[in-house]
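A.B. asks: Before we start, here is the structure in question, set down as structure tokens.
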Amino acid sequence: MKLTVAEKIIKDHLKTGELKRGTEIGIRIDQTLTQDSTGTMAYLQFEAMGIDRVKTKKSVAYIDHNMLQTGPENADDHLYIQRVAKKYGIYFSKPGNGICHQIHLERFGVPGETLLGSDSHTPTCGGLGMLAIGAGGLDVAAAMAGGEYFITMPYIVKVELTGKLNSGVSAKDIILEVLRRFRVKGGLNKIFEYSGDGLKYLSVPERATITNMGAELGATTSIFPSDEVTYRFLKAQGREGDYIEIIADDGAIYDEEVRIDLDSLEPLVASPHSPDNVVPVSSLKDIKVNQVAIGSCTNSSYMDLMKVAEILDGKTIAEDVSLVISPGSKQVLNMLAENGALSKLISSGARILECGCGPCIGMGQAPSTNGVSLRTFNRNFKGRSGTPSSNIYLASPEVAAISALTGYITNPIEYMEDINIDMPEKFLLNDNLIVSPSEIDDVDIIRGPNIKPFPKVSSLREEIEGKVLIKVGDDITTDHIMPSNAKLLPYRSNIPHLSDYCLVPCDREFPKRAKENGGGIILGGYNYGQGSSREHAALVPLYLGIKAIIAKSFARIHKQNLVNNGILPLVFKDVKDFSKIDLLDELIIEDVSNQIKEDRVIVRNKTKDEQYELSLDITERQRSMLKFGGLLNLLRDN
């Protein structure tokens with residue numbers, strides 16, 4: 001059997017099921033990562049499993065999200081995570097060391113291994129030839145405990161890259177072109193596998209930009225082969241011993257194929273308010289920019305920022321532009337400081353932020369009211385920046401740097417000379433902000449007062465009844481469900497506090513309505529729960545008493561998080577039924593344990609005396625999970 005790169009890694013890690021599209025498989029996980037926004041809850045869940053030591057080859061806990069520390073909450077979480085990591089065999093990356101995905105690419109990722117991370121952009125390490133998948137924190141905790149990770153065996157999309165990028169066009173434009181073609185829902189249950197003669201011109205950091213933003217497709221993951229380019233990167237990182245070659249077999253069968261001619265690609269930009277709202281930069285005229293933000297896990301590598309430094313060298317940013325730059329890691333920042341590039345950035349008028357996620361997650365640098373912010377980030381959902389009235393555009397570092405100089409969104413091809421930044425033969429290696437775990441488990445865990453227990457789930461009820469508490473439209477993100485801004489991020493360990501903000505961007509009265517009615521049911525449109533992997537978008541509704549969510553369709557990770565936490569993710573068989581149900585209609589699902597044995601579930605509208613046919617498209621394992629009241633109950637009881 002001729003296999004693709006992804007199929008080879010899946011086959012080597014397969015514990016349950018077979019390589020048959022659309023069926024459930026369970027794979028062994030070699031590595032895990034968490035970050036501090038999702039990590040505290042993941043480690044509380046891991047502790048609840050009663051496991052004395054992680055069972056993975058390597059697990060790493062990163063601090064990169066919540067670093068403003070305007071109060072003790074962030075520092076308390078960091079201390080808890082550090083002590084848990086020390087006790088249970090997990091490496092700990094301290095604040096200031098950098099963004100989890102950038103560091104994992106540099107220091108830990110291994111071609112041919114599997115990586116599960118409690119962050120939706122974990123597929124970044126697919127640029128190294130890893131099978132790297134984003135998931136909810138409970139799935140990551142289960143993997144650390146030695147459990148396999150279950151997914152639907154994905155369809156494999158071959159993306160053939162031919163030719164070579166022209167000056168001013170970058171890897172960011174490749175993934176924007178893929179998003180333009182497939183849209184944000186086009187990757188569901190798919191792996192995007194890159195191939196073609198154009199690969200030899202793309203460095204590992206450039207490949208990682210593409211796999212990182214593949215998360216916006218809704219894909220299971222994205223992956224590149226591990227080849228001579230991979231070897232050069234690992235050797236430069238002092239890790240050539242981790243290299244193995246993994247390339248697709250000649251004659252491997254793909255489910256779908258698409259070709260992108262790199263020679264003909266031009267600079268692109270994602271316009272507000274979706275990563276797939278992609279147009280050529282050349283089509284945008286006279287759009288004045290108030291802020292430019294360069295960095296994030298998508299475009300904060302050494303090579304990205306070296307290009308920016310060369311563009312800005314000897315120039316000054318436009319007087320009405322605020323330019324902020326977030327290096328992806330301490331390694332990147334150190335190297336920029338040593339070779340003089342950092343001085344070029346500062347001299348141009350750029351403000352240098354610490355190595356972390358920062359503005360990408362709304363943690364500082366919110367734009368002005370009605371402001372235009374051009375960012376090298378991966379998401380531009382409305383309000384994510386911290387300013388609901390702002391317009392966020394996504395583009396490459398080249399577009400961002402040139403635009404910072406002109407004050408308008410500008411096509412770099414018209415202004416910049418050819419810039420060639422070579423991959424260093426040797427990166428600066430200094431891992432002194434990575435703390436190794438203890439050899440013994442005699443470590444005290446310190447829990448700050450902001451760390452509250454996660455909500456407990458009871459076993460499945462025989463009857464689910466409740467009022468419709470909210471109706472929302474298509475493409476509702478986890479940012480809508482559980483906002484993630486500078487004011488709320490410090491409370492990621494405090495579900496009761498967060499409950500007052502659940503779905504507030506859609507309806508300010510939702511939390512109050514949910515509490516007054518003792519919980520109920522949510523109605524959603526297509527692609528409900530797209531965006532980040534944050535499990536809080538399931539845990540907070542669970543705390544508010546949400547028993548079921550009925551939608552036209554669900555995003556992959558959010559659907560899994562709902563099942564993991566005992567909430568039914570139901571889909572309309574006839575989407576026209578969505579319009580028949582009104583706010584505060586009382587719905588009831590009877591004989592639940594028998595109904596969920598099948599795909600077909602009937603819900604009755606007591607208010608209107610109607611009934612609707614729903615689909616519960618989950619596996620037998622997930623049905624069993626729901627009966628127990630979620631994954632944690634299932635693991636503990638078995």
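Coordinate-derived values only; no laboratory data. Please read these numbers as outputs of a predicted model, since none were measured by experiment. Every residue, glycine among them, receives a Cβ derived from its backbone with ideal geometry; neighbour counts consider all protein chains shown.
A.B. asks: When a footprinting reagent is the concern and you count Cβ atoms within 10 Å, what order do T32, T316, T162 take, fewest first?
C.D. replies: Values: T32 29, T316 11, T162 15.
With the sparsest Cβ surroundings first, the list reads T316, T162, T32.
A.B. asks: Of the trypsin sites (Lys or Arg not before Pro) in the stretch 507-546, which ones lie in a loop per DSSP and count no more than 15 other C-beta atoms within 10 Å?
C.D. replies: Working: sites: R508, K512, R513, K515, R534; in loops: R508, R534.
Sites meeting the loop and neighbour criteria: R508.
A.B. asks: Further question: Under a point spin-label approximation (7 Å from Cα along Cα-to-Cβ), what is the D320-M423 distance to one decimal in nm?
C.D. replies: Distance between label points: 4.2 nm.
A.B. asks: Quick one: compute the contact order of the stretch 362-429, relative version, from alpha carbon pairs under 8 angstrom and 6+ residues apart, as a percent. Walk me through the numbers on the way to the answer.
C.D. replies: On the way: 81 pairs, mean separation 16.6, N = 68.
In percent, rounded to a whole number, it is 24.
A.B. asks: Using only alpha carbon pairs under 8 Å that are at least six residues apart, calculate the relative contact order of the chain and give it in whole percent. Don't skip to the answer; put the middle values down first.
C.D. replies: On the way: 1629 pairs, mean separation 91.6, N = 638.
With pairs under 8 Å counted, the relative contact order is 14 percent.
A.B. asks: Now a separate question. Determine, from the Cβ-Cβ distance of T406 and D591 and an R0 of 60 Å, the FRET efficiency 1/(1 + (r/R0)^6), rounded to the nearest 0.05.
C.D. replies: Working: r = 65 Å, r/R0 = 1.08.
Computed FRET efficiency for T406 and D591 comes out at 0.40.
A.B. asks: Still on this structure, please answer the following. Name the longest site-free stretch of the chain, where the excluded sites are GluC sites (Glu not before Pro) in a DSSP loop with no more than 13 other beta-carbon atoms within 10 Å. Spell out each step's value before the answer.
C.D. replies: Values: sites that count: E18, E245, E319, E417, E425, E439, E462, E463, E509, E590, E598.
Longest stretch, sites excluded: 19-244.
A.B. asks: Go through V110, V60, V140 and say which Cα lies farthest out towards the positive end of the charge dipole of the stretch 51-170; charges sit on Cβ, +1 for Lys and Arg, -1 for Asp and Glu.
C.D. replies: About the Cα centre, the residue reaching furthest to the positive side is V110.
A.B. asks: Give me the lysines in straight-line cross-link reach of K235: C-alpha distance below 23 Å, same-chain residues under 8 apart excluded.
C.D. replies: K57, K58, K200, K307, K330, K426
A.B. asks: Extent of the stretch 249-394 along each principal axis, from alpha carbon coordinates, in Å, largest to smallest?
C.D. replies: Extents along the principal axes, in whole Å: 52, 39, 28.
A.B. asks: Right, something else. Over the stretch 14-162, what lengths in whole Å, largest first, do the semi-axes of the equivalent ellipsoid take, defined as the square roots of 5 times the eigenvalues of the alpha-carbon gyration tensor? Intermediate values should be presented prior to the final figure.
C.D. replies: Numbers: eigenvalues 149, 69, 31 Å².
That gives 27, 19, 12 Å for the three semi-axes.
A.B. asks: Fewest to most neighbouring Cβ within 10 Å: what's the order for M423, M363?
C.D. replies: M423, M363
A.B. asks: So how do D36, D197 line up by other beta-carbon neighbours within 10 Å, fewest first?
C.D. replies: Numbers: D36 26, D197 12.
Listed from fewest to most nearby Cβ atoms, that is D197, D36.
A.B. asks: Taking only C-alpha pairs under 8 Å that are 6+ residues apart, what is the relative contact order of the stretch 490-638 in percent?
C.D. replies: Numbers: 236 pairs, mean separation 27.5, N = 149.
Relative contact order of the stretch 490-638: 18 percent.
A.B. asks: Okay, helix-only estimate at 222 nm for the chain: each DSSP H run of n ≥ 4 adds -39500 (n - 2.57), divide by all residues, round to 500 deg cm²/dmol; what do you get? Before the final figure, lay out the partial values.
C.D. replies: Numbers: 20 runs with 173 residues, N = 638.
Rounded to the nearest 500, the figure is -7500 deg cm²/dmol.
A.B. asks: Checking the a/c ratio against 1.5 first, then a/b against b/c, what shape does the Cα gyration tensor give for the stretch 590-638? Before the final figure, lay out the partial values.
C.D. replies: Working: a/c = 3.59, a/b = 2.29, b/c = 1.57.
Note, shape of the stretch 590-638 comes out prolate.
A.B. asks: Now, a different point. For a quick check of your reading of the filter: which trypsin sites (Lys or Arg not before Pro) in the stretch 237-290 sit in a DSSP loop and have no more than 11 other Cβ atoms within 10 Å? It would help to have the intermediate numbers written out before the result.
C.D. replies: Details: sites: R239, R259, K285, K288; in loops: R239, K285.
Here the sparse-neighbourhood loop sites are K285.
A.B. asks: Next question. Among rounded, prolate and oblate, which fits the stretch 384-508 when a ≥ b ≥ c are the square roots of the eigenvalues of its C-alpha gyration tensor, a/c under 1.5 means rounded, and a/b larger than b/c means prolate?
C.D. replies: On the way: a/c = 2.93, a/b = 1.34, b/c = 2.19.
Cα axes put the stretch 384-508 in the oblate bin.
A.B. asks: Right, here's the next one. What size of dipole, in debye to the nearest 20, comes out for the chain about its Cα centre when the only charges are +1 on Lys and Arg C-beta atoms and -1 on Asp and Glu C-beta atoms?
C.D. replies: Details: 71 positive and 83 negative charges, 250 e Å.
With Lys and Arg at +1 and Asp and Glu at -1, about 1200 debye.
A.B. asks: Can you give me the three principal axis dimensions of the chain from its C-alpha atoms, in Å, biggest first?
C.D. replies: Sorted largest first, the three principal extents are 70, 54, 53 Å.
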